[in-house]
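Presented below is the structure to which this report refers.
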Amino acid sequence: MTSTPIYSLTTPTKLDCAKLIEMALLEDIGSTDLATGIDCTTHSIVPKHVTASAAFVSRESGVICGLEVCKLAIEKHAPELALDCKINDGDKVSAKETIAILSGPAQQILMMERTCLNFLCRLSGISSLTNRFVKLVERTQARVFDTRKTLPGWRRLEKYGVLCGGGENHRMGLYDAVMIKDNHLAFYRSFVDDSDDTIPNAVKQARRWIEANKQRLPNGQETILQLEVDNLKQLKFALTCAPNIVLLDNMTIEHLSRAVRIRDESAPEVLLEASGGVNLDTIEKIAKTGVERISVGALTHSAVNFDIGLDWQLR
């Protein structure tokens, strides 16, 4: 019997999954229908009537993610198969641990094998890497966030992997938060007479826009307004207009610590987020500066596939 998931896929994520699963099967067997798809090797040597069981087994220690995707794939495209999950997405596993057992027609098991493994290995790689970052900051107030540096079409799934690893999601896209970055400010400077007015005026303009467009924004009036700065002078300008979050881009540990002190003195309600130069060797020092948020693009763009195999269960 399948265990109850701790993490669940949102409706938009399920829709993304359906598209990706169909694409995966189409490129592998030439069809999204196992009855008409072709697996030259399996069809040539595996009798159609034979049933069997095989286990997804971890080859290393980490955090599993992707079982919910496998369930969708099998329910939709291989309903003759049964998937018995021994753990949930977000659970930690050791090497040689059984993750799930797939039972039913042997041909279908072999035809679904790579599609399921590709989702499991990719997403478990993200959740496992995220968990390593999260554990390094667990004794601080900092939280680990992802970015938009994701594979096209995979964003919701990859951000789901981050959640399963104990991390948190930044904005999903351009549509659900205001994020004034350096390129926005560089362009906006042409609209002000004094460069010192760039940040305050940009924030005021963004606030007016949120108010005017709140009815069509996913988060309405509560839409987050975040601003990126790359030096302490810009930070001081930013704090005068109190955005929800200030992103401190590529600052040294010393400058991050100074930024926290400046914020604490002038606008303690503003959250500070460190970004740039974040890796497994630096994140603990960054967290100890007192920032509340650390965004890490590597969670998704540099995650290595987790090693999982499919082993036949011998009778």
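Go over the candidates L117, L102, L123 one by one and state the one that is in contact with a strand residue (DSSP E or B) (Cβ under 8 Å, 6 or more places away or on another chain), crowded, with 21+ Cβ neighbours inside 10 Å, modelled with pLDDT of 95 or more and under 26 Å from D33 (Cα atoms).
Exactly one residue qualifies, and that residue is L102.
List every residue pair whose Cβ atoms sit under 7 Å apart, with the two residues 6 or more apart in sequence or on different chains, where the first one lies in region 27-43 and is closer than 16 Å to C116 by Cα and the second, anywhere, is crowded, with 17+ Cβ neighbours inside 10 Å and hydroxyl-bearing (S, T, Y).
Final answer for the pair search is D28/T115.
Quick check, is N201 on the phi < 0 side of the Ramachandran plot, at pLDDT below 95 and not in a loop (DSSP other than H, G, I, E, B)? It would help to see each step written out before you state the result.
Details: on the phi < 0 side of the Ramachandran plot: yes; at pLDDT below 95: yes; not in a loop (DSSP other than H, G, I, E, B): yes.
Yes, satisfied.
Looking only at region 213-236, how many residues end up being crowded, with 17+ Cβ neighbours inside 10 Å and either assigned to a helix (DSSP H, G or I) or not assigned by TED's automatic domain parsing to the domain that holds T289 (or both)?
So the answer is 2.
What are the residues in region 120-146 that are free of Cβ contacts under 8 Å to residues at least 40 places away in the same chain and under 16 Å from the mean Cα position of the chain (by Cα), if any? First the steps, then the outcome.
Initial filter on region 120-146 (free of Cβ contacts under 8 Å to residues at least 40 places away in the same chain): 134-135, 138-139.
Selection gives V134 alone.
Filter region 55-89 down to the residues that are in contact (Cβ under 8 Å) with a residue 40 or more places away in the chain, more than 26 Å from G165 (Cα to Cα) and surrounded by 18 or more Cβ atoms within 10 Å (Cβ to Cβ) and list them by number.
Those that are in contact (Cβ under 8 Å) with a residue 40 or more places away in the chain, more than 26 Å from G165 (Cα to Cα) and surrounded by 18 or more Cβ atoms within 10 Å (Cβ to Cβ): H77, A78.
Pick out the one residue from I253, I308, I283 that is assigned by TED's automatic domain parsing to the domain that holds D197, in contact with a helix residue (DSSP H, G or I) (Cβ under 9 Å, 6 or more places away or on another chain) and surrounded by 21 or more Cβ atoms within 10 Å (Cβ to Cβ). It would help to see each step written out before you state the result.
Details: I253 fails: surrounded by 21 or more Cβ atoms within 10 Å (Cβ to Cβ); I308 fails: assigned by TED's automatic domain parsing to the domain that holds D197.
Sole residue among the options that is assigned by TED's automatic domain parsing to the domain that holds D197, in contact with a helix residue (DSSP H, G or I) (Cβ under 9 Å, 6 or more places away or on another chain) and surrounded by 21 or more Cβ atoms within 10 Å (Cβ to Cβ): I283.
Residues checked against (1) assigned to a loop (DSSP other than H, G, I, E, B); (2) within 20 Å of the chain's Cα centre (by Cα):
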{"residue": "L15", "(1), (2)": "no, yes"}
{"residue": "I21", "(1), (2)": "no, yes"}
{"residue": "I38", "(1), (2)": "yes, no"}
{"residue": "I99", "(1), (2)": "no, no"}
{"residue": "G104", "(1), (2)": "no, no"}
{"residue": "Q108", "(1), (2)": "no, no"}
{"residue": "E113", "(1), (2)": "no, no"}
{"residue": "N118", "(1), (2)": "no, yes"}
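The values are calculated or read from the model by the stated rules, or taken from the named source; none is laboratory data. As the structure is a computational prediction, the values presented were derived from the model and not from experiment. Don't worry about glycine lacking a Cβ; one is built from the backbone with ideal geometry, like all the others, and counts go over all protein chains shown.
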